[in-house]
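Some notes on the structure that comes next.
Since every read-out is calculated from the coordinates, none of them should be taken as a lab result. None of these values were measured; they are calculated from a predicted model. A quick note on method: Cβ atoms are made from the backbone with ideal geometry, for glycine too, and the neighbour counts reach across all protein chains shown.
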Amino acid sequence: MTEPTETTPASAAQIAAMQALRAALLAQHKVLIANDRQQYEAVFGPVPTGRFVQLLTEDAWFRWLDPLSRLIVALDEWLEQTPPQADAGIALADEAAKLFRNADAEFGERYRLALQQAPDAVLGQSQVVAALRSVPQSPRDEIGQTGQTDQSEPTGAAVKQDPDALANKGNGP
């Protein structure tokens, strides 16, 4: 039989920071969808709104956005808990940091492309980075000296590399 683990409710400051993170992620999600729609319509022609909603949820073109969509839903669920738990909030913040700092290959590749195509995405990136800086995350000693997490680390481990550099990375080596 396992012993129950003690859970700590999130502080008001953590909840406020997570709400700000959610708002930044949601705004960036909207920008990324608009950019992807523009790219899709450039290839396939105009798409009516109703059809676009169906494409957004079913078409492989938009699958790269799924990790961000799921993260926003998870944040909503965390915020709806009574009370939200601090450790679960930290895990979500770690997941957001990992997602926006190139941990997911497909998301990272398409995200960098969107940053090059849409000026609003660059602005959104700065808002996401600012929000990530204000939320509690896993301690820095969970990462290696290079600032990259080891591939064997659990999903909740924070990736600590310069987030501003993401917007400046090119497609070269």
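Could you size up the charge dipole of region 33-100 around its Cα centre, putting +1 on the beta carbon of Lys and Arg and -1 on that of Asp and Glu, and report it in debye to the nearest 20?
260 debye
So for region 1-111, Kirkwood radius off the Cα pairs, Stokes-Einstein at 10 °C and 1.306 mPa s: how many µm² s⁻¹? It would help to have the intermediate numbers written out before the result.
Values: Rh = 15.8 Å.
Translational diffusion coefficient: 101 µm²/s.
Quick one: divide the alpha-carbon radius of gyration of region 30-92 by 2.2 N^0.38 Å and tell me what you get. Don't jump to the answer; show the numbers that get you there.
Details: Rg = 15.6 Å, N = 63, 2.2 N^0.38 = 10.6 Å.
Cα Rg divided by the expected 2.2 N^0.38 Å: 1.46.
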Original post:
Once the piece of chain linking Thr49 and Ala12 is laid out straight, how much longer is it, given 0.36 nm per residue of separation minus the C-alpha distance between them?
Top reply: 9.4 nm
